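A short write-up of the structure that comes next.
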Amino acid sequence: MEQVRQADVADFDRLMERVTNSFSNDNPTHPRFDELYPDSIRCTSESLAQWLILDVDGDIAAGLQIVPRPIRMRPDVELRATGLGNVFCYPPYRRRGYMSRLLTETVRRLQDMRCPLNMLGGDRLRYGRFGWEHAGNARCLTLGSNMMRGTQADGMSVDGLRRWTGDSADARRMKSAYDRLPCRCVRTDEEFPLVLLRPGTVVWIREVNHGLAYAAVRGGNLAEYAGDVEPFEELIRFLIRGRRLNAPAPPVDVECELDRVLVRYAAGVSVDPVGMVRVVDLPDLLVAYLPLLRERLDGWQGTRSLVIEGTGYAVTVRGTGSGVELSEQAPGTALRLDVRDMGRLIFGPFPPSLGPMLHDEFLRRAFPLPLYWPSLSHV
């Protein structure tokens, strides 16, 4: 008998064995998943309830985790997003359609949750069949010490810094700095230090009389940063003094002063999608971005309707010249797109083929909306 169900605490050991062994089939040194993600994979009822398991005759054949990932794009825009991660099918059960069944059930549950958006990292062909598509605009900066030429700035020495080793007082101060970022994943006090304790993450702190900043580095990547501008810039000079460092940064319209520091030290710049995105609940998604849409559509008068074909999700945007209103109704003249094209239209990095509609005033002014998935929030 086949059954899709939520996991519970009794499943933890077997589940960790199955997901780790599934990934170890092609990578024998793959670490355990609860060691990789101490912030989101724990033997608790809350964490296990995020897992969907497909049982075959009482045996765990496949599974995945839907992790809450609320994201603030700016102080007045909070997105109730989720991340899809740790997707596996145990090798003896592969090629039987179990993963297709599990992903179909996942989409249904996301809709029941009224989750506006889900994000993942994975194979475009596999997940594209179920509505996920590469979308979003993340700036990818390559920081280099050559960008300090001709300035008074020298590389910062390690003796002016300290390396975080888990001290709780430092964690509270870093969390306070993190919470001031206009663009971030919303974390609880409990989650925050666990995220920074993920394997391979090194956190440096610079503290002076005029402030504190921290930077989390994973390999050659700046994974996270927050704090006051002056100590942050000193941290960056330390981190790039002997090498180049890759630094993702959010879109310009949700950046902060720290992001502008990174741009000054960028020897190269490119743009990448933030990951694979599936628009789940279109009306709730645009409601979340309504403060930004009102700014972009200031003075616009007209009506435009969007429909995701095959899902029943529709939204109508009406501009009055002095405001913007949303409703879940859509007339027959709506712009109808499949779920993958809707994600590209709303978030970029480039829109789908729309013909003459590509130059429509509403579409040009409203989209792409900023979307950023911070590196240490991936699941």
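Starting from the Cα coordinates of the chain, work out the convex hull volume and express it per residue in Å³.
Working: hull volume 61.7 nm³, N = 379.
Expressed per residue, the convex hull around the Cα atoms of the chain is 163 Å³.
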For the range 224-281 and the range 6-80, write down the distance between their C-alpha centroids in whole Å.
29 Å
Using the count of nearby Cβ atoms within 10 Å as a rough guide to exposure, how do 71, 236 rank from fewest to most?
71, 236
When the helix-only estimate is applied to the chain (DSSP H runs of n ≥ 4, each -39,500 (n - 2.57), divided by the residue count), what is the mean residue ellipticity at 222 nm, nearest 500 deg cm²/dmol?
-7500 deg cm²/dmol
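Output the relative contact order of the chain, whole-number percent, from Cα pairs under 8 angstrom with separation of 6+ residues. Each step should come with its number before you reach the end.
Numbers: 761 pairs, mean separation 72.9, N = 379.
Averaging sequence separation for qualifying contacts and normalising by length gives 19 percent for the chain.
Relative to the present Cα-Cα distance, how much length would full extension add between residue 357 and residue 149 at 0.36 nm per residue of separation?
Details: separation 208, 0.36 × 208 = 74.88 nm, distance 4.68 nm.
Stretched out fully, the residue 357 to residue 149 stretch lengthens by 70.2 nm.
How much of the calculated P(r) for the range 1-118 lies past 22 Å, in percent of all Cα pairs? Let's see the in-between values first.
Numbers: 2453 of 6903 pairs.
Value for the range 1-118: 36 percent of Cα pairs lie more than 22 Å apart.
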How far is it, in nm, from the label point at residue 190 to the one at residue 123 when both lie 7 Å from their Cα along the line to the Cβ?
3.6 nm
Semi-axis lengths (Å, descending) of the ellipsoid that matches the C-alpha gyration tensor of the range 138-272
22, 18, 14
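Order by neighbour count: 224, 361, fewest other Cβ atoms within 10 Å first, most last. Could you put the intermediate results ahead of the total?
Working: 224 24, 361 13.
Listed from fewest to most nearby Cβ atoms, that is 361, 224.
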For the range 247-326, shape from the Cα gyration tensor axes a ≥ b ≥ c, cut at a/c of 1.5 then a/b versus b/c, turns out oblate
If you take the Cα Rg of the range 276-366 and divide it by 2.2 N^0.38 Å, with N the number of residues, what do you get?
1.00
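Given 0.36 nm per residue, what is the gain on full extension from residue 328 to residue 43 after removing their alpha carbon distance, in nm? Walk me through the numbers before you get to the answer.
On the way: separation 285, 0.36 × 285 = 102.60 nm, distance 3.98 nm.
Stretched fully, the residue 328-residue 43 segment lengthens by 98.6 nm.
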Convex hull volume per residue in cubic angstrom - Cα atoms of the range 91-217:
216 Å³
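How do 214, 265 line up, fewest other C-beta atoms within 10 Å first?
Details: 214 26, 265 22.
Listing 214, 265 from fewest to most nearby Cβ atoms yields 265, 214.
Each reported figure results from applying straightforward, stated rules to the coordinates on display, with no laboratory input. None of the values given here were measured: they were computed from a predicted structure. Positions of Cβ are generated from backbone atoms using ideal geometry, with glycine treated the same way; all protein chains shown enter the neighbour counts.
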